Structure formats: C-alpha cells, structure tokens
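Since the structure comes first, as structure tokens, the remarks are kept for the end.
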C-alpha cells in the first residue's frame, strides 16, 4: 500500500504538470475503478468534461482534484471551485501516469483522461491499477472543523489551501508533516489507549500517512517496541517518535518514495529508491545497523513487523 511519501510524490508531480489543464474527454475502460462513484460511468465522464484542474490536494494517503468550469470563448478562468471534488485513491497498485497521446497503453490502464495541458498542448492522464483496489470517485467537499478558531487549510499539501475537504476523507487525521498537526492531541490519544503503539500509528484517523513500512522505521529510530502499550509511552518518547516519523518520511520524499516491485511509480513511470535506506523493514535475519543484533520479523495484524530485539527491547 503506498504511504504518504509515495502519494505525495505523485501529487506533487501532477501539480507540476496538470494545474490549469482542461479535461476534454474521459474514457472509462474498467467500471470497477469507479465503484465508489455515486453515478454511472457516463455521468462521471460527463461531469469532468470541460472542467479545469485548479488544485491537486492530499491528506494522508488520499488525493483529490479540485475543479472549476473552463473559460468560455477564450476568457480567463476566474470562477470558484466546483463543490464536488474527484478523489483519487491508489489502493495497493494504483498509478497515475502522464503520457503523450498515442503512447502505448499499459496493460492495466483503467481510466484515460484526454487533457489540453496548461501550455495548450495535448496530454493524457491514465489511471493504471493492476489489482483494482484503488479508483476515483466524485465527492462533495465539506468545511473543515479543526481545533483552531480560524479557518485553516484542509489538505496537508495543496496549492489553493482551501478549508474544504471531500466528505469521505474528512475523518482522516493530519500527518506529521502537516503544519497544523496537533501534537498535544496525539499525546492525549496515546494516554487514552492500551493498544500497542504501532497499532496507533496505523490508525489513519489519529495520525495519517504512516503505513507498515514507515511505522517500523520510525519505531526503530525511536527505540520503541511495536507492541509497547501506547499509554506507557512518555511525553519525551512521543516527541521522539513524532520526530522519527517526520525524519523517515522526509527522507523518503527526497528519494521519491519506497518501491519493492514495479507497482509504485511516479507520474513519469519512475520508481522510488528509498528501500536502500531502510534500517529494519524487510531485513529479517540481517544485522541491525545500530547494534549488530539480528533483525526479527513477527506477524502483526495480518502483516509483518520488523524490529531489533536489542535496540527495541520490551513490550
């Protein structure tokens, strides 16, 4: 499952290339990629036709496009955003690729968008998804209700910084890279539960964007066992853990994300290479880079946890 760095790499790549682009046509090749959309495939395509992409936003692992009706008769765009956003969820194998029209199709392309790019030239955006766990759907936006009195940007990454978010994404918490992330609320959440600390890190309503890989990496950096009860984590440990989450995801962003197979690629079809910098994830039986003890793998929530039994001793 792509985590925050992977999704942010895709979001920022799209923002560089399609802001201001007009959607000319949408071809639905696989209706299952629209299973969360409220209408039929033809309605989805008709809604997008002629719209301009004015923002590409992200919170946690979710992206969404903000749209506005394109200019009429060559007039400059100046209207408000459409109150309905298009949510993009990559699932386990989703990719959003930008290509020239007529380029050979990927065998798993599910949706094809023909665009007039911001420079006036033709461009194609293709949603590719081998396992069809991801997809796109229309979703009305809602106003953000946050802990601050004044309106604040809803998205962790955005261009327009609107205080609006798709309704189905509104339960997703902010991520540690978000300037409006509430560290005090995170610590209160830890004190309120006896669940293991990794289980809390994977709870996207508490803290978003962290999946299995970066949870293991952050716990290794902060020397915490994945099953340590959250309420036993001290304030200083919580601060160190959040700092570790920020560090590992910032490093992954700089490298373009983590890729273990051909499923994660950015908008240009290039894989990320952060796996070379992983300290414990996927390194069972190899020496810990800090103390030399052999990394251990244990089953956890139908997946795996990797940790150092010496550096991360005790539950």
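Read-outs: derived from the displayed coordinates by stated rules, not from any lab. Remember, it's a predicted structure, so these values are computed and weren't measured experimentally. Note that each Cβ is placed from the backbone with ideal geometry, even for glycine, and that neighbours are counted across all protein chains shown.
When the helices in the chain are scored as -39500 (n - 2.57) per DSSP H run of 4 or longer and the sum is shared across all residues, what 222 nm value do you end up with, to the nearest 500 deg cm²/dmol? Kindly include the intermediate steps, with their values, before the conclusion.
On the way: 6 runs with 68 residues, N = 315.
That comes out to -6500 deg cm²/dmol.
Each peptide in 24-30, 170-176 receives the mean, over its residues, of other Cβ atoms within 10 Å, and ordering these scores from highest gives 170-176, 24-30.
Per 0.36 nm of contour for each residue apart, how much would the distance between residue 250 and residue 294 grow if the chain were fully extended, relative to their Cα-Cα spacing? Before the final figure, lay out the partial values.
Values: separation 44, 0.36 × 44 = 15.84 nm, distance 2.65 nm.
13.2 nm is the gain from fully extending residue 250 to residue 294.
Put in order of Cβ neighbour count within 10 Å, fewest first, the listed residues 161, 216 become 161, 216.
The calculated FRET efficiency for the pair residue 132 and residue 68, based on their C-beta separation and a Förster distance of 25 Å, comes to about 0.25.
According to the square roots a ≥ b ≥ c of the eigenvalues of the Cα gyration tensor, what is the shape class of the range 1-72, taking rounded for a/c under 1.5, prolate for a/b larger than b/c otherwise, and oblate for the remainder?
Details: a/c = 2.30, a/b = 1.20, b/c = 1.92.
In terms of gyration-tensor shape, oblate.
Counted by neighbouring Cβ atoms within 10 Å, the residues 311, 81, 291, 245 run from fewest to most as 291, 81, 311, 245.
Taking a ≥ b ≥ c as the square roots of the eigenvalues of the Cα gyration tensor, the range 8-167 is oblate, since a/c reaches 1.5 or more and a/b is not larger than b/c.
Arranged by the count of other C-beta atoms within 10 angstrom, fewest first, what order do 123, 294 take?
294, 123
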